[in-house]
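The structure appears below as structure tokens.
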Amino acid sequence: MNILFLGAPGSGKGTQSKNIENEFNIPQISTGDLLRAETASGSKLGEELKEIMSSGKFVSDDIVLELVSKKITSNDCKEGFILDGFPRNISQASSLDNLLNKLDVALEHVFLIDVPTDLIIKRCVGRITCDTCGKIENEYFSDYKEGDSCGDGVFVKRADDNEETVTNRLKVYSEQTEPIIDYYEKKGILHRITGGEDGPERLTQEIITIINN
Ligand code: AMP
């Protein structure tokens, strides 16, 4: 089962990927998480990535493609994978097609999560993530704040989740990522689902129903 989540920053791709990973026992491949792991390693590449990511721009296609290829061809992904945050432009979408053709596998479902822009900004600016288990909460919509304990670790804020960078990320999304919606619509595998203020569970159920049918 090979699945892809599309959507603006803060649309809930990460949360839904994690829920679907837990439900079907298929690993999430988040290019954002892989890149953040590299920045945390303190390597020279990590330092360069940090600068690009904190401006809201995209990292080069070659770097993300290498990270994704390594994961997709690993044993963990034998039963399938959930792509979160890749591809983000037409060139990446076509590289992904080439890679999947070589491996003789196909994408079965692409889920586009649609969320109103004002809600997106609140979702990003309030987002906090457990530094140990990756659980995501929001300072606006829950009682948790940055620095609180999650049970496993401590909630931290991402460096690129401030209003200025989020505004840039939304602009880059509409210029570079939105065109790939049409790319997958034409392939007949796109499902549009609408997120709102009612929490992630309803969407997760919608996604599970689509997958099981
Ligand atoms: P995310 O965690 O998906 O919001 O990604 C955080 C940041 O990582 C993005 O704003 C980009 O700078 C970088 N990034 C993640 N995925 C990609 C990708 N597929 N292509 C280029 N840059 C990416």
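Quick notes on this structure:
- Qualifying helices (runs of 4 or more DSSP H) (wholly inside segment 1-113; at least 3 residues being touching a residue at least 12 places away in the same chain (Cβ under 8 Å) and under 18 Å from ARG158 (Cα atoms)): 13-24, 31-40, 44-55
- Count of residues meeting criterion [open to solvent by less than 10 Å² (accessible area, probe 1.4 Å), more than 14 Å from the ligand (Cβ to nearest atom) and of a type in the set (Gly, Ala, Ser)] in segment 74-95: 1
- Restricting segment 39-56 to residues that are away from the ligand (no atom under 12 Å from the Cβ) and polar (S, T, N, Q), the residue that is least open to solvent (accessible area, probe 1.4 Å) is SER43.
- The residue that is farthest from the ligand (Cβ to nearest atom), counting only those in segment 116-142 that are charged (D, E, K, R), part of a helix (DSSP H, G or I) and in contact (Cβ under 8 Å) with a residue 12 or more places away in the chain, is LYS122.
- Qualifying residue in segment 104-113 (condition: under 16 Å from THR31 (Cβ atoms) and among the small types (Gly, Ala, Ser)): no
- Test set (1) of a type in the set (Lys, Arg); (2) open to solvent by 70 Å² or more (accessible area, probe 1.4 Å); (3) out of contact with any Leu (no Cβ under 9 Å at 6 or more places or on another chain); (4) under 28 Å from ASN168 (Cβ atoms) - LYS71 fails condition number: (3)
- Conditions (1) within 10 Å of the ligand (Cβ to nearest atom); (2) more than 21 Å from CYS130 (Cβ to Cβ); (3) surrounded by 13 or more Cβ atoms within 10 Å (Cβ to Cβ): number failed by ARG36: (2)
- Residue in segment 30-41 that is over 15 Å from the mean Cα position of the chain (by Cα) and of a type in the set (Asp, Glu) present: yes
Matching residues to (1) of a type in the set (Phe, Trp, Tyr); (2) in a loop (DSSP other than H, G, I, E, B):
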| site | (1), (2) |
| --- | --- |
| TYR144 | yes, yes |
| ASP160 | no, yes |
| GLU164 | no, no |
| GLN176 | no, no |
| ILE181 | no, no |
| HIS191 | no, no |
| LEU203 | no, no |
| GLU206 | no, no |
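- Residues in segment 139-157 that are buried (at least 17 other Cβ atoms within 10 Å of the Cβ) and closer than 24 Å to ASP114 by Cβ: GLU139 alone.
- Flag for ILE120 being among the β-branched types (Val, Ile, Thr), open to solvent by less than 50 Å² (accessible area, probe 1.4 Å) and at pLDDT 95 or above: no
- Residues of segment 176-198 satisfying the condition of being surrounded by fewer than 18 Cβ atoms within 10 Å (Cβ to Cβ) and under 15 Å from GLY85 (Cα atoms): GLN176, GLU178, PRO179, ILE181
The values are calculated or read from the model by the stated rules, or taken from the named source; none is laboratory data. Just so it is clear, the structure is predicted and the values come from calculations on it, not from any experiment. Positions of Cβ are generated from backbone atoms using ideal geometry, with glycine treated the same way; all protein chains shown enter the neighbour counts. Protein only, heavy atoms only, side chains kept; ligands, DNA and RNA dropped before computing areas. Shrake-Rupley method; radii C 1.70, N 1.55, O 1.52, S 1.80 Å.
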